[in-house]
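Reviewing the structure listed below.
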There are 2 protein chains.
Amino acid sequence: METETLGALAEPTRMRIVELLRNGPLTVGEITNKLQIRQPQASKHLKVLNEAKIVDVHPVANRRFYKLRPQPLQEMDTWLSTFRSLWENQFDQLDEYLTKLQNQSNREE
Amino acid sequence: METETLGALAEPTRMRIVELLRNGPLTVGEITNKLQIRQPQASKHLKVLNEAKIVDVHPVANRRFYKLRPQPLQEMDTWLSTFRSLWENQFDQLDEYLTKLQNQSNREE
DNA sequence: TTACAGAATTCCTTTACAGGAATATTCTCA
DNA sequence: TGAGAATATTCCTGTAAAGGAATTCTGTAA
């Protein structure tokens with residue numbers, strides 16, 4: 001999967017934008033209002049998200065609606081799925097648990 | 001979920017380290033060799049991953065074994081699951097499909 | 001056409017971070 | 001204790017990226 005996707009999401013404001021768009025497309029102005037940021041910053045962040053193909057633009061008259069694209073997030077999900085055994089496997093969980101226990105007793109020495 | 005997790009992974013070398021560690025713990029030297037990078041860079045990247053709680057260290061004699069911690073990746077997975085309807089839902093897929101079709105016909109004009 | 005609203009771009013400054021090279025630290029074992 | 005292997009840290013430099021402010025672009029409606 002693309003590190004560009006992660007890089008684009010690794011910025012708090014952009015994370016919030018993506019979370020907003022989970023509920024459907026929004027215009028730049030709506031995003032600006034909901035996040036209480038300045039319009040140029042919103043546009044700049046949206047540009048980054050757009051270049052990372054995380055969002056699409058749909059102009060309607062004077063406005064531009066931004067909308068989530070499934071693909072990059074889906075690719076992240078697929079990539080993460082290759083790690084799922086780390087926490088779905090009982091033995092690994094037990095292992096982590098024992099490690100924590102051990103750390104605790106170490107601290108007591 | 002933490003943007004720190006995403007930031008740590010949004011660097012190609014660190015992604016590769018995490019992917020290596022999927023198969024089990026490795027020492028700094030092993031990572032250095034497998035990735036063909038310099039040892040200080042390996043240590044530096046591991047430090048970032050460690051501060052993001054993506055890896056744990058287990059000293060054994062002279063070496064330090066680095067091991068994946070499930071939690072941050074699991075949190076990413078949980079976060080992504082809130083977007084899963086974007087690509088699991090038939091209607092959304094159809095919507096994307098129609099959008100692509102429309103873009104194609106636009107290009108032909 | 002003009003004026004205006006919505007959105008994008010540019011310029012500037014500051015800060016964070018990556019790699020290279022050198023050096024320091026830590027642990028083991030003879 | 002001293003040497004050496006494994007790893008971490010420091011210093012330097014270049015670069016990318018974020019926010020603020022100002023400006024520009026674009027489409028709409030009168």
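Quick notes
- A:Leu80 sits among other residues whose Cβ lies under 13 Å from its own Cβ, and their net charge, with Lys and Arg +1 and Asp and Glu -1, is -3.
- Cβ-vector label at 7 Å, A:Pro12, separations to other copies in nm: 3.0
- Per the accessible-area calculation with a 1.4 Å probe, the total area buried between chain A and chain B rounds to 3100 Å².
- Distances between copies of B:Lys47, taken at a point 7 Å out from Cα along the Cα→Cβ vector and listed shortest first: 3.4 nm.
- Think of region B:1-71 as having a plus end and a minus end, set by charges on the Cβ of Lys, Arg, Asp and Glu; of B:Ala10, B:Thr32, B:Asn62, B:Asn62 sits farthest toward the positive end of this dipole.
- Using a cut-off of 22 Å between Cα atoms, the listed pairs B:Lys47/B:Lys67; A:Lys44/A:Lys67; A:Lys53/B:Lys67; B:Lys44/B:Lys67; A:Lys47/B:Lys53; A:Lys47/B:Lys47 include A:Lys53/B:Lys67; A:Lys47/B:Lys53; A:Lys47/B:Lys47 as exceeding that distance.
- Global form of region B:8-75, assessed from the alpha-carbon gyration tensor, a/c cut-off 1.5: oblate
- Within the shell defined by Cβ-Cβ distances under 12 Å, the residues around B:Lys44 carry a net charge of +1, with Lys and Arg each +1 and Asp and Glu each -1.
- Counted by Cβ distance under 14 Å from A:Val60, the other residues give a net charge of +1, where Lys and Arg count +1 and Asp and Glu count -1.
The values are calculated or read from the model by the stated rules, or taken from the named source; none is laboratory data. Everything numeric in this text was worked out from a predicted model, so none of it was measured. Reconstructed Cβ throughout: ideal geometry from the backbone, glycine too, with neighbour counts over all protein chains shown. Just so you know, the surface numbers come from the protein's heavy atoms only, side chains and all, with ligands and any DNA or RNA stripped out. Shrake-Rupley method; radii C 1.70, N 1.55, O 1.52, S 1.80 Å.
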